[in-house]
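Novice: Pasting a structure here, questions to come.
Each reported figure results from applying straightforward, stated rules to the coordinates on display, with no laboratory input. None of these values were measured; they are calculated from a predicted model. Reconstructed Cβ throughout: ideal geometry from the backbone, glycine too, with neighbour counts over all protein chains shown.
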Amino acid sequence: MSTNKVCNVQVAQGDLKGALKSFRGSLAIRERLAQADPDNAGWQRDLAVSHSKVGSLLNKSGKSAEALARLRQVHAIMARLTKWRRSNAVWQNDLRWIEGQISALEKR
């Protein structure tokens with residue numbers, strides 16, 4: 001079973017601590033890949049998604065300041081990606097979505 005599926009099962013079972021540990025392990029792998037090839041857009045987006053998942057779990061765990069820091073990392077990655085390929089509608093949507101998430105968290 002993939003790490004994401006395991007994490008999703010952990011979240012569904014209410015094991016936020018276990019899911020966070022699993023997602024952080026996945027994030028560490030994606031960070032190494034993204035650092036190894038900073039021009040690989042796929043790995044950069046995967047890194048953004050991993051940061052987003054960790055941020056979401058931190059938020060659910062009541063750690064909104066840490067969650068906000070993660071979401072800002074996602075924003076930085078997605079802003080860079082959309083500059084690389086302005087015509088990529090998925091990335092444009094991702095950027096708007098993360099901006100909304102950051103705004104909502106800042107208003108709390």
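Novice: Roughly how many debye, to the nearest 20, is the charge dipole of the chain about its Cα centre, given +1 on each Lys and Arg Cβ, -1 on each Asp and Glu Cβ, and no other charges?
Specialist: Values: 19 positive and 9 negative charges, 34 e Å.
Around 160 debye, computed over the chain.
Novice: From Cα pairs below 8 angstrom and at least 6 apart in sequence, can you work out the relative contact order of the chain, rounded to a whole percent? Present the calculation step by step, with values, prior to reporting the outcome.
Specialist: Working: 100 pairs, mean separation 20.3, N = 108.
Relative CO of the chain lands at 19 percent.
Novice: On a 0 to 90° scale, report how tilted helix 16-36 is relative to the longest principal axis of the chain, with both axes built from alpha carbons and the result rounded to the nearest 10.
Specialist: 30
Novice: Which residue, A69, T82, G100, has the largest displacement toward the positive end of the dipole of segment 61-108 when charges sit on each Cβ (Lys, Arg +1; Asp, Glu -1)?
Specialist: Sorting the options by dipole projection puts first T82.
Novice: By how many degrees, between 0 and 90 and to the nearest 10, does the Cα long axis of helix 41-60 differ from the longest principal axis of the chain?
Specialist: The helix 41-60 is inclined about 40 degrees to the chain.
Novice: Let me ask something else. Taking only the alpha carbons of the chain, what extent do you get along each of the three principal axes, in Å, biggest first?
Specialist: So the three principal-axis extents are 39, 35, 20 Å.
Novice: Would you calculate a helix-derived [θ] at 222 nm for the chain, using -39,500 (n - 2.57) for each DSSP H run of n ≥ 4 and dividing by the full residue count, to the nearest 500? Can you show the working numbers first?
Specialist: On the way: 5 runs with 90 residues, N = 108.
So the calculated ellipticity at 222 nm is -28000 deg cm²/dmol.
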